[in-house]
1. Could you check Met174 against (1) among the aliphatic types (A, V, I, L, M); (2) crowded, with 18+ Cβ neighbours inside 10 Å; (3) in contact with a strand residue (DSSP E or B) (Cβ under 7 Å, 6 or more places away or on another chain) and say which number it fails?
2. Which of the residues spanning segment 139-164 are more than 19 Å from Val103 (Cβ to Cβ), hydroxyl-bearing (Ser, Thr, Tyr) and not in a loop (DSSP other than H, G, I, E, B)?
3. Specify the residue that is surrounded by the fewest Cβ atoms within 10 Å (Cβ to Cβ); the eligible residues are those in segment 71-88 that are in a strand (DSSP E or B) and among the hydrophobic types (A, V, I, L, M, F, W, C).
4. Only one of Pro185, Pro218 is in a loop (DSSP other than H, G, I, E, B), under 22 Å from Pro64 (Cα atoms), at pLDDT 95 or above and open to solvent by 40 Å² or more (accessible area, probe 1.4 Å). Can you tell me which?
5. Just need a number here: residues in segment 188-215 that are part of a loop (DSSP other than H, G, I, E, B) and among the small types (Gly, Ala, Ser).
6. Could we say that Arg193 is free of Cβ contacts under 8 Å to residues at least 24 places away in the same chain, under 17 Å from Phe60 (Cβ atoms) and surrounded by 13 or more Cβ atoms within 10 Å (Cβ to Cβ) here?
7. Can you work out which of the residues in segment 152-166 that are touching a residue at least 24 places away in the same chain (Cβ under 8 Å) and either open to solvent by 40 Å² or more (accessible area, probe 1.4 Å) or of a type in the set (Gly, Ala, Ser) (or both) is farthest from Thr134 (Cα to Cα)?
Amino acid sequence: MLIFRFLIFYLLSLVGVAAVYANDAVVPQTGEKPKPAPTAEAGITFDWVHVDGPYIAMTFDDGPSAKLTPKLLDLLAAHHIKATFFLIGENVAEHPEIVAREVREEHEIGNHTWSHPNLAKMSDDGIRGQLRKTEDAIRSAIGNRPTLLRPPYGSISARQKKWINREFGYKIVMWDVDPLDWKRPGPNVVCNRVVKNTRAGSIVLAHDIHPGTIEAMPCVLNQLEAKGFKFVTVSELIAMETPLPPKPSPSPKSNAARSTSPSPTPHN
């Protein structure tokens with residue numbers, strides 16, 4: 001009986017070893033982790049862009065504001081800076097002349113819905129109505145439709161991104177620098193947060209409907225310029241995108257080195 005059990009154990013061991021070798025033959029042991037498949041959002045959603053050079057995009061949401069947006073436009077003109085404005089349709093309909101000025105001064109216009117709802121909680125038809133109504137207002141003001149969408153609160157599902165891109169042709173623009181200026185922490189705090197967190201390829205979020213944000217902008221622009229950043233629109237930034245460099249593979253551990261005599265210098 002003992003001999004019989006030993007033979008069974010021996011046969012099972014051989015099968016296990018064979019399976020291991022078979023797997024090794026199918027999957028090469030390169031020491032490199034498999035690359036993830038491209039996401040469905042590739043080329044659709046942008047919160048940061050890998051670029052060669054110190055380029056960034058300043059973006060302003062929720063305008064235009066009759067009182068504050070012209071002040072911001074004056075400041076941007078003084079610095080020869082182009083920005084991207086994500087507009088609320090209701091405000092566009094009320095102040096089309098400001099939107100016309102933004103385009104005349106070579107800023108970019110994006111869709112930020114008609115009334116700033118949470119898109120993730122809306123039906124597809126409800127979203128269509130928000131986007132089309134805003135498009136119509138923008139087209140009436142400047143003669144063209146936008147090609148970018150920023151969802152209010154950044155709230156949007158992956159499924160919604162895909163069908164909106166397919167149906168409207170919009171790129172979905174998020175951000176990687178958020179000074180939380182809508183909480184009105186004060187101009188100095190807004191400036192410090194933006195300057196501290198901005199990097200090459202950043203998309204900076206701000207709002208041209210809060211007085212503290214407009215007050216912070218001279219500090220923001222001066223300090224970012226002093227750090228060597230160059231300002232472009234979101235579409236210009238996306239057009240500059242370059243592939244991310246591949247991550248270096250970890251060096252394979254050498255069993256042969258371990259089998260030799262110990263090195264006189266210990267390794268930590």
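1. All conditions pass for Met174, except number (2).
2. Filtering segment 139-164 for residues more than 19 Å from Val103 (Cβ to Cβ) gives 151-164.
Then drop every residue that is not hydroxyl-bearing (Ser, Thr, Tyr), which leaves 153, 155, 157.
Matches in segment 139-164: Tyr153 only.
3. Taking segment 71-88 first, the residues in a strand (DSSP E or B) are 84-87.
Then keep just the ones that are among the hydrophobic types (A, V, I, L, M, F, W, C); that gives 85-87.
Details: Phe85: 28, Phe86: 26, Leu87: 30.
Restricting to residues being in a strand (DSSP E or B) and among the hydrophobic types (A, V, I, L, M, F, W, C), the top hit is Phe86.
4. Values: Pro218 fails: in a loop (DSSP other than H, G, I, E, B).
Step by step, each of Pro185, Pro218 is checked, and only Pro185 is in a loop (DSSP other than H, G, I, E, B), under 22 Å from Pro64 (Cα atoms), at pLDDT 95 or above and open to solvent by 40 Å² or more (accessible area, probe 1.4 Å).
5. Going through segment 188-215, the residues part of a loop (DSSP other than H, G, I, E, B) turn out to be 198-201, 208-210.
Next, only the ones that are among the small types (Gly, Ala, Ser) stay: 200-201.
Summing the residues that are part of a loop (DSSP other than H, G, I, E, B) and among the small types (Gly, Ala, Ser) in segment 188-215 gives 2.
6. yes
7. Our first condition is that a residue be touching a residue at least 24 places away in the same chain (Cβ under 8 Å); within segment 152-166, this holds for 152-153, 155-158, 160-165.
With either open to solvent by 40 Å² or more (accessible area, probe 1.4 Å) or of a type in the set (Gly, Ala, Ser) (or both) added as a condition, the list becomes 153, 155, 157-158, 162, 165.
Working: Tyr153: 17, Ser155: 18, Ser157: 20, Ala158: 22, Lys162: 20, Asn165: 16 Å.
Out of the qualifying residues, it is Ala158.
Yes or no, residue by residue, for (1) touching a residue at least 12 places away in the same chain (Cβ under 8 Å); (2) open to solvent by 10 Å² or more (accessible area, probe 1.4 Å); (3) in a loop (DSSP other than H, G, I, E, B):
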| residue | (1), (2), (3) |
| --- | --- |
| Glu90 | yes, yes, no |
| Ala93 | yes, yes, no |
| Arg101 | yes, yes, no |
| Thr113 | yes, no, yes |
| His116 | yes, yes, yes |
| Gly126 | no, yes, no |
| Gly129 | yes, yes, no |
| Ala137 | yes, yes, no |
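The values are calculated or read from the model by the stated rules, or taken from the named source; none is laboratory data. Predicted model, so just to flag it, every value in this text is computed and none were measured. Positions of Cβ are backbone-derived with ideal geometry, glycine not excepted, and every protein chain shown enters the neighbour counts. Just the protein is used for accessible areas: all its heavy atoms, side chains included, with ligands, DNA and RNA removed. Shrake-Rupley method; radii C 1.70, N 1.55, O 1.52, S 1.80 Å.
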